[in-house]
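A.B. asks: Before anything else, here's the structure in question.
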Amino acid sequence: MGSALDNRIGSIVLFPVYDQNQLTGSNMQYHIIAVVGFKLTGYVFNGSNNGKITGSFEKVMWKGDGAPSRSGAYSATTTQLVG
């Protein structure tokens, strides 16, 4: 995982923000209320369940059109944020 994060240091990545979830394990479902930009500046991992990611929340805006898509196993769907 380290090399993947190394490639993203200095980049703005998107994190979903959710307010509730249901089910458990691989069937977990989240109610996403926002997507936030986070500029990754560093990280430290100490084992599989202990670590820290550092950075700052950043305002992001990307222009583009969403495209219709069909959901299915292992597929991505388009999310359109308006407002």
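The values are calculated or read from the model by the stated rules, or taken from the named source; none is laboratory data. Owing to the predicted nature of the structure, the values given are computational and were not obtained by experimental measurement. Please note: Cβ atoms are built from the backbone with ideal geometry, for glycine as well, and neighbour counts cover all protein chains shown.
A.B. asks: For the range 37-50, enumerate the residues that are modelled with pLDDT under 90 and out of contact with any Lys or Arg (no Cβ under 9 Å at 6 or more places or on another chain).
C.D. replies: If the condition is that a residue be modelled with pLDDT under 90 and out of contact with any Lys or Arg (no Cβ under 9 Å at 6 or more places or on another chain), then Gly47, Ser48, Asn49, Asn50 are the ones that fit.
A.B. asks: Output the qualifying pairs, or none if there are none: Cβ atoms under 9 angstrom, residues six or more apart or on different chains, first residue in the range 1-30 and free of Cβ contacts under 8 Å to residues at least 60 places away in the same chain, second residue surrounded by 12 or more Cβ atoms within 10 Å (Cβ to Cβ) and assigned to a loop (DSSP other than H, G, I, E, B).
C.D. replies: Ile12/Val60; Leu14/Val60
A.B. asks: Taking into account only those residues within the range 51-83 that are closer than 29 Å to Ser3 by Cβ and over 17 Å from the mean Cα position of the chain (by Cα), which is modelled with the highest pLDDT?
C.D. replies: Here the answer is Gly51.
A.B. asks: Quick one: in the range 1-50, of everything that is surrounded by 10 or more Cβ atoms within 10 Å (Cβ to Cβ) and among the hydroxyl-bearing types (Ser, Thr, Tyr), which residue is nearest to Met61 (Cα to Cα)?
C.D. replies: Ser11
A.B. asks: Consider the range 25-49. How many of its residues are under 23 Å from Ala4 (Cα atoms) and in contact with a strand residue (DSSP E or B) (Cβ under 9 Å, 6 or more places away or on another chain)?
C.D. replies: Count: 12.
A.B. asks: What pairs can you find where one residue is in the range 31-53 and in contact (Cβ under 8 Å) with a residue 12 or more places away in the chain and aliphatic (A, V, I, L, M), the other is part of a strand (DSSP E or B) and surrounded by 14 or more Cβ atoms within 10 Å (Cβ to Cβ), and their Cβ atoms are less than 6 Å apart, with a gap of 6+ or different chains?
C.D. replies: Leu40/Val13; Leu40/Gly55; Ile53/Tyr43
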